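The structure under discussion appears below in the form of structure tokens.
The values are calculated or read from the model by the stated rules, or taken from the named source; none is laboratory data. Every value quoted in this text rests on a predicted model; they were computed, and no experiment measured them. We place every Cβ from the backbone using ideal geometry, glycine too, and count neighbours over all the protein chains shown.
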């Protein structure tokens with residue numbers, strides 16, 4: 001039986017999630033906590049397999065870091081109604097196992113917890129709905145890399161492996177690309193990249209070599225195309 005701990009100061013939500021998980025024979029709610037200051041101690045003592053932590057209860061990055069240090073075997077799943085992309089990236093860099101929306105259905109909560117328990121890193125991409133407002137397109141080196149790899153039709157796992165990042169972090173970067181471009185999906189991102197080949201021109205190579213994955217406009221090519229890129233070691 002998987003031990004789950006809840007961190008929230010919303011009694012109704014705590015009762016609802018406890019009831020939901022208790023109905024599943026594989027889950028046991030080990031406890032509910034609402035005090036941020038002693039949360040790391042609570043987790044270290046209760047030793048749950050998963051901590052479902054409400055980000056809207058004043059939890060901060062240092063608190064998450066303290067939890068992961070105090071209970072390194074505990075998988076932390078953050079849940080919230082909305083979350084800035086930069087905050088999501090920082091949480092994933094700390095090592096959280098999942099970021100989940102409070103708006104998802106009960107069966108998706110349990111399936112997400114099962115996936116996390118199995119070792120997956122789960123990120124609810126609906127939290128990062130792309131903005132329809134026009135953006136001045138200024139991509140970071142990492143965003144440019146991912147844009148080029150999306151255009152190659154690579155899967156999340158392949159892109160994450162090529163860039164030595166987790167799939168969860170990769171998904172957040174893709175969401176941020178959608179926000180910046182105002183596009184709806186990866187197909188549109190791929191078309192955008194093919195019609196704007198300079199969008200990734202200054203990106204460092206994805207594989208650590210002197211070649212960069214790129215697609216010449218109109219080529220229809222679906223395999224990596226080597227293109228020499230000069231890297232300025234002093235650039236950010």
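Some notes on this structure:
- Verdict on residue 148 being outside the structural domain of residue 19 (by TED's automatic domain parsing), at pLDDT 85 or above and more than 16 Å from the chain's Cα centre (by Cα): yes
- Filter result for residue 145 (closer than 22 Å to residue 54 by Cβ and surrounded by 20 or more Cβ atoms within 10 Å (Cβ to Cβ)): no
- When segment 36-58 is filtered for residues that are closer than 16 Å to residue 98 by Cα and surrounded by fewer than 20 Cβ atoms within 10 Å (Cβ to Cβ), the ones remaining, listed by number, are 49, 56.
- Some residue of segment 77-96 being surrounded by 14 or more Cβ atoms within 10 Å (Cβ to Cβ) and within 22 Å of residue 25 (Cα to Cα): yes
- Within the set 201, 214, the sole residue that is exposed (fewer than 15 other Cβ atoms within 10 Å of the Cβ) and either under 29 Å from residue 96 (Cβ atoms) or at pLDDT below 85 (or both) turns out to be 201.
- Qualifying residue in segment 158-165 (condition: in contact (Cβ under 8 Å) with a residue 40 or more places away in the chain and closer than 14 Å to residue 85 by Cβ): no
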